[in-house]
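The values are calculated or read from the model by the stated rules, or taken from the named source; none is laboratory data. Keep in mind it's a predicted model, so treat the numbers as computed, not measured. Here Cβ is always computed from backbone atoms with ideal geometry, including for glycine, and neighbour counts include all displayed protein chains. For accessibility, only protein heavy atoms count, side chains too; no ligands or nucleic acids. Shrake-Rupley method; radii C 1.70, N 1.55, O 1.52, S 1.80 Å.
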Amino acid sequence: PDTQWRLGFGPNLNINRNIDFVRDQKTNETVKNKTDTRSYGMRFNIGQYVKDKYNFHMGPNFTWNSSKASVNSSANAEYWQIEGWAQGNVTLPKNFEIGTDINFQARQKDPRFPANNNFTTWNASLIKRVMKNELEFKVGVYDILNQNRGYNRSFNSYSFTESYYNTLKRFWMLTVTWNISKNGKPAGF
C-alpha cells in the first residue's frame, strides 16, 4: 500500500549509582557517599507516510527524574520533564519539497534555579531537486523562534547543577547536495 502508519510506545529507564568519598561537614571526616540517580519515563509516537505526497511523525516523551545522595542531601532533586517533537515533509509539484520540525522541552522548576529552562526549537526548509534527483538545492531557516539554548542538568555527590552554554541562534543556510551514487551503491558495483 502507498499509505503506511507507524505507532510506537516504550519505556525509558536509567538507573545509576555513583560511589565516592567526600568530607562530611558535620563530623569533618571523609566518608563513603552513594548517589542514586534514576529516570523513569514513557515515550509515544505516531507517524504516517504516503509515497510521493507527505510524511509526518510526532510524539511526546514523559520522564520523572530523581537523585539522592547519602551524605549531602542538599544536592538531592526530584522533577518531571516533558519533551514533545513533530516532523513533517510535503512533496510539491516540479520536484519541490517543504519540510519542518519542532522540538519542545519543559522541566519542572527547582527553587535553587529561577531561570526559565523551557524552550522550543523550530526549523523549516524548502528543497528543489533537479537532474533526476541527483542535485538538490535546499534553503533552510533554523531556530525560527530564536529560543535555542545549550542546557544541561546534572547531579553528583556534592551538587545539583544547571549549566548553560553558547549555541548557534536563528540562522539561514543554503545547501547544495550532489548525489554521486547510483541507486544507493558506489560506482563500480
Inset, instruction - For region 70-128, report the convex hull volume of the alpha-carbon atoms normalised per residue, in Å³, without decimals. - result: 95 Å³
Inset, instruction - Over region 1-108, consider all pairs of different Cα atoms and compute the Kirkwood hydrodynamic radius from their mean reciprocal separation; express it in Å, one decimal. - result: 17.5 Å
Legend entry - region 100-144 versus region 29-63: alpha-carbon centroid distance in Å: 18 Å
Inset, instruction - Select from Phe96, Thr161, Val130 the residue farthest towards the positive end of the dipole of the chain; place +1 on Cβ of Lys and Arg, -1 on Cβ of Asp and Glu, and compute about the Cα centre. - result: Val130
Inset, instruction - Please state the charge dipole magnitude for region 77-189, taken about the Cα centre, from unit charges on C-beta atoms (+1 on K and R, -1 on D and E), reported in debye and rounded to the nearest 20. - result: 380 debye
Legend entry - For the chain: Kirkwood Rh in Å [reciprocal of mean 1/r, alpha carbons]: 20.6 Å
Legend entry - J(HN,Hα) series, region 125-141, from Karplus relation 6.51 cos²θ - 1.76 cosθ + 1.60, nearest Hz, glycine and proline x: 8, 10, 10, 10, 10, 9, 6, 6, 6, 7, 10, 10, 10, 9, 10, x, 10
Legend entry - Accessible surface of region 20-103 [probe 1.4 Å, protein heavy atoms]: carbon and sulfur percent: 56 percent
Inset, instruction - Work out the FRET efficiency for Gln108 and Lys68 from their Cβ-Cβ distance, taking R0 = 22 Å, and round it to the nearest 0.05. - result: 0.85
Inset, instruction - Per residue, how big is the convex hull around the C-alpha atoms of region 100-145? Give it to me in cubic angstrom, could you? - result: 73 Å³
Legend entry - Cβ-based charge dipole, region 24-84, positive-most Cα from Asn33, Asn45, Ser67: Asn45
Legend entry - Net dipole in debye of region 1-93 [+1 Lys, Arg Cβ; -1 Asp, Glu Cβ; about Cα centre; nearest 20]: 160 debye
Inset, instruction - Could you work out the longest stretch of the chain that avoids the GluC sites (Glu not before Pro) located in DSSP loops with at most 16 other Cβ atoms within 10 Å? - result: 30-133
Legend entry - Probe 1.4 Å, protein heavy atoms only - accessible area per residue of the chain in square angstrom: 69 Å²
Inset, instruction - Assign unit charges at the C-beta atoms only (+1 for Lys and Arg, -1 for Asp and Glu), then state the dipole size of the chain relative to its Cα centre in Debye, rounded to the nearest 20. - result: 220 debye
